[in-house]
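Input: a single structure, listed below in structure tokens.
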């Protein structure tokens, strides 16, 4: 071949190459375009959920480090410390019993709502942008992704119309109970795996139905895969929020029983294969979770009982027809019907209750509806606690939670949180009603159903979560000056020491990514009478002395007994350094007391330190 011919051939190849590449990439582009056109409405709905959750939490975003949820700042401080401690898993420094709080005894993470999986997911954010940013993302993300999960379940599993699914999913993610629990209870609002758990159970039922899937190797393989998926999700959810996992399991069990009553022939048909698949999933999950559960119930710093009284944390029956103070149609006076702003779980509003009753009657021929109703009524009854409370008055009317009193594991679930079970049950009724109206009804009937549901939901639509500023963490901590008097993993004693009611100095450790340990603090541990559960621990004498000075501003007369006791307490804590922030109220009398106990302090940045 001549050089001229070869050059011409190479030129032809060069010209053809781009055309061939274009032909190869064109089908891929078409597939993406088709996928985007098909799912564009779904993506838009999911984006709306994310934007709405961001708007609800917008009070935190201007400065997440120095902003706090105004209605429950103490729990936010605790959750931020958990996030800092969980992030240490990336550094290879993590255990289910940690001595980074309550040094030297430590505390049991499984006993406390330590949100280990969310903490691990957010660890890169925590280590770079701080726990405040991770907390804000967690609160907003829980609402958004819970809604997204239910939306996908309603559209893919129920086959519901997109608008019906969106309204039901929005109720699941932004119901009054979810907004209330967003006040620093992310272990309750982290429900984004619950729709996947429900999908696994539904899929197992479908595959167990011989009328729908012919028994054989292929079906068996699918059942095995779903069993493994369910076991995996259960194992993960335990480290997301154990109380949510418990409520989900109880609800699904009750729904199964109720469905067996209303559709016995169907249940008999699917039960043999379904039971085997469910037992396989339970066995796998039990094998994975055996050690963590042993640690929770029998390990170091475990507790034999729940720390909260079911008599106190009982829902008021009068709160059900009332609108939450955190909803746009709510009134502040309604708050008297609950224990606090984080527990407005039952504030559904009279309009929604009436609409739910109407939808139930309209859909009464559906087996699923007939199963949902008794389960919902039982959950509402359980939420009332051992004795019914009506308009703030505890009556002698018996309620079924009395049967659960002092029962291991179960007593850890607060009665009023059984009302959270109503959220997905009500949402399912609304989705079924809206879907039926959109598909089978015409004219006034369709308009009546849609209008009634929207009118019932509008008054309970959420308002943004109240937020406020908080005292900045001292520069002594944020600039790393603490390293001058406390080695990594050493014990820093903030003055005064943290307590469950005043845990703010735990933010010092959060800001330092939990690199140093703290004595005492805010946690659940066995320091009650006879080793029963307590909130926090008993104070050492020196800690109690400093707390009294912080409260009264009075400097005590320090004698030899105080000096000897201070030496014993410092040795017990294995402390390296006592630290007093200049911004601490009554800082001057506290500094004088510390000078008398430990000698003259050294001022570093905006704090005083005493090496001990």
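Nothing in this text is a laboratory measurement; each read-out follows from the coordinates by a stated rule. Since the model is a prediction, treat every value here as computed from it, not as a measurement. Neighbour counts run over all protein chains shown; Cβ positions are idealised from the backbone, glycine included.
Observations on the structure shown:
- Across the range 282-349, Cα-Cα pairs more than 20 Å apart make up 53 percent of the total.
- With Cα atoms, 0 to 90° folded angle of helix 162-174 axis to the chain main axis: 10
- Note on residue 568 and residue 458: their simple-model spin labels are 6.8 nm apart, each label 7 Å out from Cα toward Cβ.
- The modelled label-to-label distance for the pair residue 611/residue 309, using points 7 Å beyond Cα in the direction of Cβ, is 4.9 nm.
- The slack in the chain from residue 286 to residue 555, taken as 0.36 nm per residue of separation less the alpha-carbon distance, amounts to 91.2 nm.
- The angle between the Cα long axis of helix 131-156 and the longest principal axis of the Cα atoms of the chain comes to about 20 degrees, rounded to the nearest 10.
- In degrees, nearest ten, helix 422-440 long axis to first principal axis of the chain (Cα): 20
- Computed over Cα pairs, the Kirkwood radius of the range 457-612 leads via Stokes-Einstein (1.567 mPa s, 4 °C) to a diffusion coefficient of 77 µm² per second.
- Report summary: the helix-based calculation at 222 nm, which adds -39500 (n - 2.57) for every DSSP H run with n ≥ 4 and divides by the residues of the chain, gives -18000 deg cm²/dmol.
- One chain, two ends: residue 336 and residue 224. Fully extended at 0.36 nm per residue, the span grows by 35.3 nm beyond their Cα-Cα distance.
- Peptides 72-82, 468-478, ordered by how many other C-beta atoms sit within 10 Å of their residues on average, highest first, read 72-82, 468-478.
- As a size descriptor, the averaged projected area of the C-alpha convex hull of the range 295-420 was calculated at 9.6 nm².
- Length gained on full extension, residue 394 to residue 156: 81.2 nm, using 0.36 nm per residue less the C-alpha separation.
- Mean Cβ count within 10 Å, highest first, over the residues of peptides 358-366, 157-165, 190-198, 521-529: 190-198, 521-529, 157-165, 358-366
- Global geometry of the range 150-198, whether rounded, prolate or oblate, following the gyration tensor of its Cα atoms and the 1.5 cut on a/c: oblate
- Alpha carbon centroid spacing (whole Å) that separates the range 408-423 from the range 591-612: 47
- Whole-angstrom gap from the range 240-296 to the range 440-479, using each part's C-alpha centre: 32
- The range 561-612 - Debye-derived log10 I(q)/I(0), Cα point model, q = 0.32 Å⁻¹: -1.27
- Mean projected area of the Cα convex hull of the range 215-319, taken over all directions, amounts to 9.8 nm².
- Measuring between their Cα centroids, the range 304-359 and the range 130-154 lie 23 Å from each other.
- Equivalent ellipsoid dimensions for the chain as semi-axes, Å, which come from the Cα gyration tensor, largest first: 48, 35, 24
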